[in-house]
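Asker: Have a look at this one.
Taken together, the values in this text are just the output of simple stated rules run on the coordinates, not laboratory data. Since the structure is predicted, the reported quantities are computational estimates derived from the model, not experimental observations. Positions of Cβ are backbone-derived with ideal geometry, glycine not excepted, and every protein chain shown enters the neighbour counts.
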Amino acid sequence: MSVRVDSNSQLTPEQERVYRLRNAAERDGGTPGGFLELLAAVVADETWRQIPSGVSSSEPFSSFAEFIEAKPPFGLGQRVEDVHVLLQMQHPHEAAAEFRSKMNAMRSEVRRLLAQDGVTGYSEQQRDRDIQAWAALDKSGSWWLAFFVVCQVRPQSSGSTAQGGGRATKAKISANEFARRAGTSADRVLRYYKAWEAARSAGAVVHSADQLFPGHEPVELPPAEDWTLYYSSRRSASTDRGALISAAAEAEGIRPTKALEVAENPTALRAAILADPRTADAARTALKALTMEERRSEHLEYVRAVAEEGKAQAASGQLIELPEQIRAQVSEQLASVADAPTDPDLVTSAYDLVQELVKQVVEADPEAHATEQRARFQTALKATRRSIAAIDPASLPDVVDDGLREEIGALQKVVNDLVASIARHE
């Protein structure tokens, strides 16, 4: 690449720009606004490639690092490490999005150019710190992430500092601010926080959140396999429904998060059932088990209510007051299932026996027995009437045959007999 070289002692426009860039770096110090702007211009139009690399050379600089360290008026005469420090400072105008984008693009390009020469501004101390963080993640998985969150985040808005062990802590930030910087959601951040709190309550970790602060020295963490005991990646886990699903999953020996994921996507579940026979079989088995469980639960609740209240609802809906002797027998049945309330056979046996005891009480009471019979007859007659009403009298003649005539005649005889029976007792 050709470069511009003037034969007289005056600086070329490119060297003039470099000269002003060098002065800005030395003059601006802690507020390097001018330096950052000039550096952005030098990088954008590749000024540093357009000037000679020395007094007796017409060749451009072979690298950006060489340009930074070269003596004026050809280079900046600065240490690369100092430029890395200046890049970390903010320009006063970076509150404006467009200007901030320009500065960030410049920083990215400068770091890329310097990295080509193996200059990253990455110290061995930083390398040690990051390797230790990797080792912590490798050993303890998400426990280290939760530890980092509780060191950095305060979930409440009140107060900007926390105290732990009499040692003043640096200010923590809100979960929203942490999430903004991390490119995630505040809910996700708080789930890590709550997992640590749950572990603290269970005694799995020693330090509480208010004892930890940014930059806290590493602490002993629980085994990685214990993480799922305290953390759930799904919002539904915090609801009553989620708690029931999680408990059922643990009883089946599977991770609660898997069951919660399925529960949150019924459309996907339906698709799997329709497409996969094994999944369909599992669903049918689960529905059968659910039906049995619901029946067991209803039967157990019926026996418990009868034993505690001393009353039972008969088939007609009337409430039957049970004699003390019968109530005692019901209480015995409830006691028999107390040790195994989840045994469906035992619960069904107790339910059937209680139903039989209630039936005996009803039959022993003439008025109650009559009420039950009346309700049963009325139900049968209403069902018969609704069935007959479904036959269209206008269409019947078109399809009637001997079989239909015989059935209608038999029905007429039954109705006549019932009417005659009522007439004889009036």
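Asker: What does the convex hull of the alpha-carbon atoms of region 257-369 project to on average, in nm²? The partial results should precede the final answer.
Answerer: Working: hull surface 39.4 nm².
The Cα convex hull of region 257-369, projected and averaged over all directions, gives 9.8 nm².
Asker: Given region 169-212, what whole percent of its Cα pairs are spread farther than 17 Å? Write out the running numbers ahead of the final one.
Answerer: On the way: 379 of 946 pairs.
That tail contains 40 percent of the Cα-Cα pairs.
Asker: On to the next question. Regarding region 323-426, what is the average projected area of its C-alpha convex hull, in nm²? Please list the in-between numbers first.
Answerer: Details: hull surface 45.6 nm².
The orientation-averaged projected area of the Cα hull of region 323-426 comes to 11.4 nm².
Asker: With viscosity set to 1.306 mPa s and temperature to 10 °C, compute the Stokes-Einstein D of region 366-421, Rh being the Kirkwood radius across alpha carbon pairs; µm²/s, no decimals.
Answerer: Values: Rh = 13.4 Å.
Rounded, D is 118 µm²/s.
Asker: A further question follows. Cβ neighbours within 10 Å, averaged per peptide: list 219-227, 67-75 in order, most packed at the top.
Answerer: Numbers: 219-227: 14.4, 67-75: 19.0.
So the peptides 219-227, 67-75, ranked by packing, come out 67-75, 219-227.
Asker: A further question on this structure: Hey, can you grab everything whose amide H is under 5 Å from the amide H of I320? Only 5+ residues off in sequence or another chain; H modelled, so Pro and N-termini drop out.
Answerer: Here A312, Q313, A314 satisfy the definition.
Asker: So, by mean Cβ neighbours within 10 angstrom, what's the order for 274-281, 185-192 with the highest one leading?
Answerer: Working: 274-281: 10.9, 185-192: 17.8.
Sorting 274-281, 185-192 by mean packing, highest first, produces 185-192, 274-281.
Asker: How big is D for region 288-331, in µm² s⁻¹ as a whole number, if Stokes-Einstein is applied with the Kirkwood radius of its Cα pairs at 20 °C and 1.002 mPa s?
Answerer: Working: Rh = 11.4 Å.
This corresponds to a translational diffusion coefficient of 188 µm²/s.
Asker: Can you give the Kirkwood hydrodynamic radius of region 55-105 from its Cα pairs, in Å with one decimal? Please list the in-between numbers first.
Answerer: Working: mean 1/r = 0.0777 Å⁻¹.
Averaging 1/r across every pair of different Cα atoms and inverting gives 12.9 Å.
Asker: While we're looking at this one, here's another question. Show me the ranking of peptides 356-366, 377-387 by mean Cβ neighbours inside 10 Å, starting with the highest. Don't skip to the end; give the middle numbers.
Answerer: Details: 356-366: 14.8, 377-387: 10.5.
Ranked by mean Cβ neighbours within 10 Å, highest first: 356-366, 377-387.
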